[in-house]
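Single-structure report; data block below.
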Amino acid sequence: MGLYTLRRLLISIPLLLVISAVVFTLLQFTPGDPLDAYIPPDQVLSAEQRQILKTDLGLDQSKPVQYFKWLGRAVQGDLGYRIKNGQPVIEELGRRLPPTLLLMGLGMTVGVTLGIFFGIVAAVKRYTLLDNTLTFLAFLGISTPAFLAGLLGMYVFALKLGWFPAGGYQTPGDGGVMDILRHLILPAMILSVTYIAILMRYTRSSILEVLFQDFVRTASAKGVPSYRVISKHVLRNALIPVVTVIGANVANLIGGAVFLESIFSWPGTGQLYLDAIDSRDYPMIMGTTLMLAIIILLANLITDLMYGLIDPRIRYS
Amino acid sequence: MTATTPVKPEKVRVKTPGSMALKRFLRHRLAVVGLILLGIIVLLVVFGPLIARFGPDEIDLLNRNQPPSGAHWLGTDPTGRDIFARTLSAGRVSLMVGLFSTLVSVVVGTTLGALAGYFGGWVDNVIMRFVDVVMTFPSIVVLLTLAAIVGPGIDKTIIIIGLLGWPLAARLVRAKLLSVRELDFISAATALGANDRRILLKHALPNVVDVLVVFVSLGVASAILTEAGLSFLGLGVQPPQASWGNLLSSAREINILEAYVWQWMPAGLLIILTVLATNFLGDGLRDALDPKAKQ
């Protein structure tokens, strides 16, 4: 297990390097002087001062050298300053991360729980009206992009029914846990829709594949009650590949969160990212890109590790 | 046994792979529904200019924000343009972006996948590691960042979406070719002296068509969603040219979302219907053409 973990950890390092190289390359195509990213916008520097800073940051050297210098600064958390308000990029990121994690955390928890639950129901009641309905709804779920689900959800549940506030993080002057939760529920539920749909379909087909194997028949034949056959024999085996699907869709989750944060004025990383894109705030865009990429990479890594943890067969491979 | 009645040659029903696939497809009810639905949407969108009573860009300041009526079937927008005409015109753009960007993915993916699958060895290694990297990439993040850098426009949108979608095509084509190249007819072609180019183009590649058909149908669905997302954020297709995504973009303003439902709902429903139909179709095609594949 230790060796496996170590190997997975080591594999993600070159990937991280590649991603950072891509971000750096993209950075080269952005208009404007890259030096401006490192000068707080309210400061006016003379030509000599600019030259000194340029040499200091290594911006007068060849691209590969520049890349490693940039990487060195990025590793230490120096991602430059926002063009918009002169705040250090890293501080903005730190401030906006918790709301995003809150939104994604709840969305993912609900998505995984309901997705697997409906998948089991559909598989157990296979080829019935219930199964067909669930399968159809799952198709509907994967065919509805997050932003559209967000608009529809906001229209119906916030504006027409008035069950939830129409966006925002908290009511001014309140801001208690319950208040934040009330604002959180609707976007988180909508975020979970895609997850539910994907996981339901996958769980269903994964169970159906296990259901007709010999050991399941043996268990039934020796008189194990059917709920125990499902919970102990079938699920144990069927849910292993589902873990991969959970991890592989974290990228989708982040994509959904970006759109939903914008629609619901949720003050997280996604909204920050879109603001940065709107105002062509390149240091901010690149900082966010790098951070989101790292989150996705971490998610993949955790998935791999979980996979090794729950499936004993994979341990020594 | 006096007269010999001429024996009519009985029509033999040959089960070709094609007819078997067609049978499997038709048995897939949702797929047939998807095909019909998609057909209707395409017809509507293509012949939109003949059906609509107004041009998609005709401004009529005296009839702003009108609700649906006999004259304007789906009402008008803040500058009095006819929503029905705009939604259909947007559909042409959205479907076109979906289709062409998928074709970009197919061309790039097939080329690289074919090289990897047919030649194997280090070519395969280099290409597939590259595919791995692109696939682990957070595509939405790269997509938005790229779109922010290159700027909006139909052609750029097509290329960006296409260039992010090819890795799956490459994988599918490679996997298919790996098995095809071991088959006897390839050895036969080699024995007859055909060169690599000929074998690859004439003998091996025709076998990947069924895989690609499935890829295209599912790829178009996801490309339409991507375009809609980009244009919704103002990074894809730009007004005045309407697309389903940028029609929805007006609903980011909460009063339009609440008070002028007809301005954004039709585009939203058409996106869902089109993608749903395409997904049904793709699912059915996969069952029909590739019965062994699991979903």
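The values are calculated or read from the model by the stated rules, or taken from the named source; none is laboratory data. Predicted model only: the values in this text are computed from it and were never measured. Every residue, glycine among them, receives a Cβ derived from its backbone with ideal geometry; neighbour counts consider all protein chains shown.
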- Query: Within the group A:Gly111, A:Gly119, which residue is under 26 Å from A:Thr288 (Cα atoms), assigned by TED's automatic domain parsing to the domain that holds A:Leu181 and modelled with pLDDT of 90 or more?
  - Reply: A:Gly111
- For A:Ala149, state whether it is under 30 Å from A:Arg228 (Cβ atoms) and within 14 Å of another protein chain (Cβ to nearest Cβ). no
- Query: What do you reckon, is A:Ile277 within 14 Å of another protein chain (Cβ to nearest Cβ), surrounded by fewer than 21 Cβ atoms within 10 Å (Cβ to Cβ) and of a type outside the set (Gly, Ala, Ser)?
  - Reply: no
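Taking A:Gly173, is it more than 29 Å from A:Val121 (Cα to Cα) and within 12 Å of chain B (Cβ to nearest Cβ)?
The answer is no for A:Gly173.
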- Tell me, which residue of the range A:152-170 that is among the aromatic types (Phe, Trp, Tyr) and part of a helix (DSSP H, G or I) is farthest from the other protein chains (Cβ to nearest Cβ)? A:Phe157
- Inter-residue pairs, beta-carbon under 8 Å, first under 12 Å from B:Gly165 (Cβ atoms) and touching a residue at least 12 places away in the same chain (Cβ under 8 Å) and in the range B:213-230, second outside any helix (DSSP H, G or I) and aliphatic (A, V, I, L, M), 6+ apart: B:Glu227/B:Val237
- Name the one entry in A:Arg217, A:Arg236, A:Arg204 that is in a helix (DSSP H, G or I) and in contact with a helix residue (DSSP H, G or I) (Cβ under 7 Å, 6 or more places away or on another chain). A:Arg204
- Within the set of pairs 6+ apart or on separate chains, which have a first residue in the range B:6-34 that is at pLDDT 75 or above, a second that is of a type in the set (Ser, Thr, Tyr) and not in a loop (DSSP other than H, G, I, E, B), and C-beta atoms under 8 Å apart? B:Gly34/B:Thr278
- Task: Mind telling me which of the residues B:Phe232, B:Phe215 ends up being closer than 24 Å to B:Gly153 by Cα and among the aromatic types (Phe, Trp, Tyr)?
- Result: B:Phe232
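Kindly evaluate A:Gly141 against the criterion of being assigned to a helix (DSSP H, G or I) and within 12 Å of another protein chain (Cβ to nearest Cβ).
Spelling it out, A:Gly141 is indeed assigned to a helix (DSSP H, G or I) and within 12 Å of another protein chain (Cβ to nearest Cβ).
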- Task: Take the residues in the range A:128-155 that are more than 20 Å from the chain's Cα centre (by Cα) and of a type in the set (Gly, Ala, Ser), then tell me which one is nearest to B:Ser231 (Cα to Cα).
- Result: A:Gly153
- Query: Given the conditions (1) within 11 Å of chain B (Cβ to nearest Cβ); (2) at pLDDT below 85; (3) surrounded by fewer than 18 Cβ atoms within 10 Å (Cβ to Cβ), which single one is not true for A:Glu209?
  - Reply: (2)
- How many residues are small (Gly, Ala, Ser) and more than 20 Å from the chain's Cα centre (by Cα) if we restrict to the range A:174-211? 4
- Query: Taking into account only those residues within the range A:101-142 that are among the hydroxyl-bearing types (Ser, Thr, Tyr) and under 23 Å from A:Val243 (Cβ atoms), which is surrounded by the most Cβ atoms within 10 Å (Cβ to Cβ)?
  - Reply: A:Thr135
- Name every residue in the range A:99-125 that is more than 27 Å from B:Leu273 (Cβ to Cβ), over 21 Å from the mean Cα position of the chain (by Cα) and touching a residue at least 12 places away in the same chain (Cβ under 8 Å), in order of residue number. A:Ile120, A:Ala123, A:Val124
- Quick one: B:Ile272 ticks every box in (1) among the hydrophobic types (A, V, I, L, M, F, W, C); (2) in contact (Cβ under 8 Å) with a residue 24 or more places away in the chain; (3) surrounded by fewer than 24 Cβ atoms within 10 Å (Cβ to Cβ) bar one, so which box is it? (2)
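Looking at the range A:254-274, which of the residues that are surrounded by fewer than 24 Cβ atoms within 10 Å (Cβ to Cβ) and hydrophobic (A, V, I, L, M, F, W, C) is nearest to A:Asp311 (Cα to Cα)?
Checking each candidate, the answer is A:Ile254.
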- Message: Between B:Phe130, B:Phe100, which is among the aromatic types (Phe, Trp, Tyr), assigned to a helix (DSSP H, G or I) and within 14 Å of another protein chain (Cβ to nearest Cβ)?
- Response: B:Phe130
- Task: Could you tell me whether any residue of the range B:149-163 is surrounded by 23 or more Cβ atoms within 10 Å (Cβ to Cβ), within 14 Å of chain A (Cβ to nearest Cβ), within 16 Å of the chain's Cα centre (by Cα) and of a type in the set (A, V, I, L, M)?
- Result: yes
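When you check A:Leu199 against the structure, is it away from chain B (no Cβ under 12 Å) and either modelled with pLDDT of 90 or more or crowded, with 17+ Cβ neighbours inside 10 Å (or both), yes or no? Don't jump to the end; show me each part of the working.
Working: away from chain B (no Cβ under 12 Å): yes; either modelled with pLDDT of 90 or more or crowded, with 17+ Cβ neighbours inside 10 Å (or both): yes.
Yes.
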- In the range A:231-241, anything within 16 Å of A:Leu305 (Cα to Cα) and away from chain B (no Cβ under 13 Å) is listed as A:Leu239, A:Ile240
